[in-house]
Amino acid sequence: MAEPPQERTALRMVNIEKYFGSVCALKDINFEVGHNEIVGLIGDNGAGKSTLVKILTGVFAPTSGDLYIADRKVETNSYTVKKAHALGIETVYQDKSLGEKQVMWRNFFIGREMTYPFGFLKVRQEKAIASEIMVNTIGFRGKGIGVESKANKLSGGERQGVAIGRAMHFEAELIILDEPTVALSLKEVRKVLNFVHKIKDAGKACIYISHNISDVYEIADRFIVIDRGEIVASITKAKISLKELDEFLLEYSHGLKDKVQP
Amino acid sequence: MSRTTTRFAFIGKLEGLPIAMVLAVMYVVFIFTAPSVFTGYRIYMSFFQTVPPMLVCAIGLTFIITAGEIDLSFPAVVALSGFVFTWCFKNLNAPWIGFILALAAGALVGYINGLLVARLRVPSIMATLAAQFFWYGVTVLIAGGLQIDIGAITTTTIHTIFVGRLFGVFPVQALWSLGLVAFFWFILNRHTFGEAIMFIGDNAEVARVMGINVETTRIQLFTMHGVIAAFAGLLLTMEINVFFPTQGQGMLLPVMAAVFIGGTSIAGGQGVMVGTFFGSYIIGSLEAGVVATGIGGYWVQLVEGLVMAASVILNVVIGEEGVSILARTARKWAVPAQAPPGEDSGGRKHA
Ligand SMILES: Nc1ncnc2c1ncn2[C@@H]1O[C@H](COP(=O)(O)OP(=O)(O)O)[C@@H](O)[C@H]1O
Ligand SMILES: [Mg+2]
């Protein structure tokens, strides 16, 4: 991977920890994402991947540790989703990206509406832009899906298309996809992967979370393996083949088992 | 799109259409079955006098239910606000201060509900049920269980402004409540607050990850409903010139019924303000209407139940999809040769 002249990071986490009550969900997390790097985050269910994502998108505050976005330190206690949006961080979730019963134009602008004074919505403008994105960026053409359609009328792939189109519209510097392909058909998964390639081409950064190792292998520059709240490996793609990565993950989980039961 | 399509398309966009039809049919039936009552204007004037407090409560409850919550405490707020107002009027001769304090009392009750629900995560049905008992208890206690007559209120400006009679016959509160319906329609459908409420009711987790402050919004929501219910209490108390400690007691179920038959779903995520308006008038005129037809007192509740059931079913069946199906059917009759648009499942892909 060719490094850019000036080294910049899109994101850096230093000694991040997160407790839910007395349960430790993340421990001693140190990692960074380069400004045009695609990082694949791999780990079992409950490993702490989504928790990590929520910390860096402002949904949760970490219990301790420092967060840097675009090389600037973030005040984690007052960090919010709105601030994350303002810093160019966009997230696409498996199932939490859209309000099911809400129309498309609302889904595009929820949380950062275009408003007149006193918070009244600029409905006409929102609809026009949403329509533009749906037709030109996402590629809904004709088939009865428009800005007035509710999210529950869309297929899983179309929903992710909308969430991704929204992320692109708001000019993300770092796009996080948290298991975006779980409920999708193969054809739809392909679209999502193509989109991640586009992120790379556009010079942006991405964190991609998936259980499908071959998907992750295809798009990521580097793989970070997380287990029970801890980062256990960070491997660049150049150093490992898909088969080796697969075997590593398999052996790793066996290795852990052995440690637990000596 | 053919011209016929566009001609019928607006039907689907008319908010509260099914329930407006129910109201219209109901009045037509009453006009035929009780012509002596329902062809005169008096019965309608009496509805415009009795429905507004209920309608005002229903406006606030529409927001609550849209947010996926429930509030059982608004009847107690109706009583508390009535007491605060009458006390200030009687003892301080300060109706406007009483007015403000009554609204503030409603805000306080709502704010505490909001704190319980949003911060302590007490389910709203439990928090507001407790609040309902508690604030009724408080009201009865400080009122000493006695009613307070404020006949002198009828000569005041505040009375004229809120519950006076336009042209000597038309109850002004009907206009106030209509104005509030319009205002809160905009808040629900054209304001960031209403949008936040819809997303929270739909899926609070989605709202949260999209940057909505779910807790703050819930507190604002309950506080707002407290103020709205307090205003309803003021309308009621001023209209009848007397505070009685049990006022509001009978409002809980009719107001809930009005919201539900108006088309707002208990599932949350969407609210139909126009439906709440018509729903309130259906609920508010049903009993008087059925009694006027003379079919006998024992039938009243049964008929009321039937009308409510019919309205709710109509909303589900002729909801948004239903109306578009009707429009499509009508279009087919109009243009028989035209193929209906296919409902293809997964293949809406671009080339
Ligand atoms: N809001 C929460 N409250 C309490 N515990 C949580 C919460 N969110 C996640 N956890 C816990 O944190 C751990 C990591 O969860 P998560 O980050 O969702 O894992 P992953 O996304 O890797 O499957 C799990 O043990 C989970 O139960
Ligand atoms: Mg997860």
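Observations on the model:
- Test: B:Glu195 is touching a Lys or Arg at 6+ places or on another chain (Cβ under 8 Å) and under 21 Å from B:Cys57 (Cα atoms): yes
- Filtered residues of region A:59-69 (kept if in contact (Cβ under 8 Å) with a residue 40 or more places away in the chain, in contact with a helix residue (DSSP H, G or I) (Cβ under 9 Å, 6 or more places away or on another chain) and not in a strand (DSSP E or B)): A:Phe60, A:Pro62
- Filter result for B:Gln147 (over 19 Å from B:Tyr281 (Cα atoms) and not basic (Lys, Arg)): yes
Let's see how each residue does on (1) farther than 21 Å from A:Glu188 by Cα; (2) within 16 Å of ligand 1 (Cβ to nearest atom):
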| residue | (1), (2) |
| --- | --- |
| A:Tyr93 | no, yes |
| A:Leu98 | no, no |
| A:Gly119 | yes, no |
| A:Gln125 | yes, no |
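- Within region A:180-188, the presence of at least one residue that is within 13 Å of the chain's Cα centre (by Cα) and either within 14 Å of chain B (Cβ to nearest Cβ) or within 16 Å of ligand 2 (Cβ to nearest atom) (or both) is confirmed.
- Selection count where residues are of a type in the set (Lys, Arg) and modelled with pLDDT of 95 or more, scope region A:84-100: 0
- Flag for A:Thr115 being away from ligand 2 (no atom under 16 Å from the Cβ) and closer than 30 Å to B:Phe184 by Cα: yes
Residue-wise test of (1) among the basic types (Lys, Arg); (2) closer than 24 Å to B:Leu23 by Cα; (3) within 14 Å of chain A (Cβ to nearest Cβ).
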| position | (1), (2), (3) |
| --- | --- |
| B:Met210 | no, no, yes |
| B:Arg218 | yes, no, no |
| B:Gly233 | no, no, no |
| B:Gly250 | no, yes, no |
| B:Met273 | no, yes, no |
| B:Gly279 | no, yes, no |
| B:Val291 | no, yes, no |
| B:Val300 | no, yes, no |
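- Residue list for region B:164-173, restricted to those being open to solvent by 10 Å² or more (accessible area, probe 1.4 Å) and under 19 Å from the mean Cα position of the chain (by Cα): B:Val172
- Any hit, region A:114-131, residues being charged (D, E, K, R) and modelled with pLDDT under 95: no
- For region A:55-84, the tally of residues that are of a type outside the set (Val, Ile, Thr), out of contact with any strand residue (DSSP E or B) (no Cβ under 9 Å at 6 or more places or on another chain) and within 14 Å of chain B (Cβ to nearest Cβ) stands at 2.
- Check on A:Asn15, in a strand (DSSP E or B) and open to solvent by 20 Å² or more (accessible area, probe 1.4 Å): yes
- Residue-level analysis places A:Leu41 among those that are under 20 Å from A:Ala220 (Cα atoms), at pLDDT 95 or above and either away from ligand 1 (no atom under 15 Å from the Cβ) or in a strand (DSSP E or B) (or both).
- Condition met for A:Glu179 (charged (D, E, K, R), within 16 Å of ligand 1 (Cβ to nearest atom) and surrounded by fewer than 22 Cβ atoms within 10 Å (Cβ to Cβ)): yes
- Helices (runs of 4 or more DSSP H) fully within region A:70-165 counting 1 or more residues that are surrounded by 16 or more Cβ atoms within 10 Å (Cβ to Cβ) and of a type in the set (S, T, N, Q): A:104-109, A:123-132
- Check on B:Phe83, at pLDDT 95 or above and touching a strand residue (DSSP E or B) at 6+ places or on another chain (Cβ under 8 Å): yes
- Yes/no for B:Val78 being in contact with a Pro (Cβ under 9 Å, 6 or more places away or on another chain) and farther than 18 Å from B:Gly194 by Cα: yes
- Of the listed requirements (1) more than 11 Å from every other protein chain (Cβ to nearest Cβ); (2) under 30 Å from A:Gly46 (Cβ atoms); (3) part of a loop (DSSP other than H, G, I, E, B), A:Leu177 misses just one: (3).
- Which numbered condition A:Thr9 misses (of (1) away from chain B (no Cβ under 14 Å); (2) open to solvent by less than 20 Å² (accessible area, probe 1.4 Å); (3) on the phi > 0 side of the Ramachandran plot): (3)
- Selection from region A:28-58 of residues that are touching a residue at least 40 places away in the same chain (Cβ under 8 Å), more than 16 Å from ligand 2 (Cβ to nearest atom) and surrounded by 16 or more Cβ atoms within 10 Å (Cβ to Cβ): A:Phe31, A:Val33, A:Gly34, A:His35, A:Asn36, A:Glu37, A:Ile38
- Residue count for region A:11-38 under the criterion of being within 22 Å of A:Val216 (Cα to Cα) and more than 16 Å from ligand 1 (Cβ to nearest atom): the result is 10.
- Search result, residues across region A:231-249 that are under 23 Å from the mean Cα position of the chain (by Cα) and of a type in the set (Ser, Thr, Tyr): A:Ser234, A:Thr236
- Some residue of region A:203-221 being modelled with pLDDT of 90 or more, surrounded by 15 or more Cβ atoms within 10 Å (Cβ to Cβ), within 14 Å of another protein chain (Cβ to nearest Cβ) and within 16 Å of ligand 2 (Cβ to nearest atom): no
Each row is one residue, and each column tells you yes or no for (1) open to solvent by less than 40 Å² (accessible area, probe 1.4 Å); (2) in contact with a helix residue (DSSP H, G or I) (Cβ under 8 Å, 6 or more places away or on another chain); (3) part of a helix (DSSP H, G or I).
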{"position": "B:Pro18", "(1), (2), (3)": "yes, yes, yes"}
{"position": "B:Pro52", "(1), (2), (3)": "yes, yes, yes"}
{"position": "B:Phe63", "(1), (2), (3)": "yes, yes, yes"}
{"position": "B:Lys90", "(1), (2), (3)": "no, no, yes"}
{"position": "B:Trp96", "(1), (2), (3)": "no, yes, yes"}
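- Sub-8 Å Cβ pairs linking a first residue in region B:189-204 that is facing chain A (nearest Cβ under 9 Å) to a second residue that is part of a strand (DSSP E or B) and among the polar types (S, T, N, Q), at least 6 apart or interchain, are B:Thr192/A:Thr115, ordered by first then second residue.
- Exactly one residue out of A:Lys191, A:Lys153, A:Lys200, A:Lys187 is among the basic types (Lys, Arg), more than 16 Å from ligand 1 (Cβ to nearest atom) and touching a residue at least 40 places away in the same chain (Cβ under 8 Å): that is A:Lys200.
The values are calculated or read from the model by the stated rules, or taken from the named source; none is laboratory data. Just so it is clear, the structure is predicted and the values come from calculations on it, not from any experiment. Here Cβ is always computed from backbone atoms with ideal geometry, including for glycine, and neighbour counts include all displayed protein chains. Accessible surface areas use protein heavy atoms only, side chains included; no ligands, DNA or RNA. Shrake-Rupley method; radii C 1.70, N 1.55, O 1.52, S 1.80 Å.
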